[in-house]
Amino acid sequence: MSKLTAWERMELIRQKERPTVRDYIPVVFDEFFEMHGDRLYGDDHAIVGGIGVLDGTPVTVIGQLKGKTIEENKHANFAMAHPEGYRKALRLMRQAEKFHRPVLCFIDTPGAFCGVEAEERGQGEAIAKNLFELMRLKTPVISVVLGEGGSGGALGLGVCDRLAMLENAVYSVISPRGCASILWKDASKEKEAANVLKITAEDLQEFGVCDDILAEPTGGAHKQPELMAQTLRDYLIHTVGVLRDWDEQELLDARYHKFRKIGEFSEE
């Protein structure tokens, strides 16, 4: 496993050449049909969703989309979803449950969009609704953190049966910059914050948050994107095969206990 610090990993995953969900989909899935809109407000380009075929198995694919150019990032709002993005995801999750398709979520966002218009359209409620519904969704859910997993914006796709992280990915309750701004009133200390927050894949596996770590090619996923995509495909084929053998109640009970056991507390 990589010996890089959390900050070095953040610099690595912010490389503009790093593969996005758009790069992985054609390699990981044999077919993919994209679906649009939440049937309530509009289509959010920060979240890509649709139906795919994984080694002969129909699955629902939902992913947060980063761009590689400024134009692509503006189009996808830098992977920061509005409420309609989370509602689109929920619509596809419910459809997957109806047709007994596993749900595969790809997390890659600095956080949900926090603009006025997002709040006006119910950002907090949309994310909370996803958490509630995912916890009781009667079909397997697998989430993979491709790069950044930031705050509730990531968790809106992160309640799952198995959570995997790419080797250099990070997953945090708040961005290091946000943490530095709150704790030290100095956003320039984000490097120090990153290195004390315990946000790497190894940290989170130790805490019981991350189930599996997917090794990246030497130098990062952007060095050999096809190899990274094949690693991701192999992992998903195996994990979907395992989870599909579980009965419905066993799946729901295991998901409930997975999240109940996270964290530590003490009583006086």
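At a glance:
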| read-out | value |
| --- | --- |
| Filtered trypsin sites (Lys or Arg not before Pro), the range 105-158: DSSP coil and at most 11 other beta carbons within 10 Å | Arg136 |
| Candidate residues Thr231, Thr20, Thr218: accessible-area rank, largest first, probe 1.4 Å | Thr218, Thr231, Thr20 |
| Protein-only accessible surface order, largest first, of Phe259, Phe132 at 1.4 Å | Phe132, Phe259 |
| Spatial separation of Cα centroids for the range 162-214 and the range 29-56, in angstrom | 28 Å |
| Probe 1.4 Å - accessible area at Val141, Å² to nearest ten | 0 Å² |
| Mean separation of Cα contacts under 8 Å, 6 or more apart, over the residue count of the chain: relative contact order % | 18 percent |
| Net dipole in debye of the range 6-225 [+1 Lys, Arg Cβ; -1 Asp, Glu Cβ; about Cα centre; nearest 20] | 360 debye |
| 222 nm mean residue ellipticity, helices alone, for the chain (DSSP H n ≥ 4; -39,500 (n - 2.57); rounded to 500) | -12500 deg cm²/dmol |
| Spread of Cα-to-Cα distances over 5 Å intervals beginning at zero, given as percent, for the chain | 1, 6, 13, 18, 20, 19, 13, 7, 3, 1, 0, 0 |
| Solvent-accessible area per residue for the range 150-240 (1.4 angstrom probe, square angstrom) | 43 Å² |
| Of Lys88/Lys189; Lys189/Lys223; Lys74/Lys258; Lys16/Lys191, those spanning more than 31 Å from alpha-carbon to alpha-carbon | Lys88/Lys189; Lys74/Lys258 |
| Span-rule helices in the chain, defined as complete DSSP H runs reaching 15 Å or more along the axis (Cα) with Kyte mean at least 0.0 | 123-135, 225-243 |
| Between the range 231-268 and the range 112-129, the Cα center-to-center distance that results, in Å | 28 Å |
| Approximate spin-label separation Ser188-Val173, in nm, with each point projected 7 Å along Cα-to-Cβ | 2.8 nm |
| In Å², nearest 10: area of Asp245 left accessible to a 1.4 Å probe | 130 Å² |
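The values are calculated or read from the model by the stated rules, or taken from the named source; none is laboratory data. Just so it is clear, the structure is predicted and the values come from calculations on it, not from any experiment. Glycine also receives a Cβ, built like all others from the backbone with ideal geometry; neighbour counts cover every protein chain displayed. The area values use the complete protein model at the heavy-atom level, side chains included, leaving out ligands, DNA and RNA. Shrake-Rupley method; radii C 1.70, N 1.55, O 1.52, S 1.80 Å.
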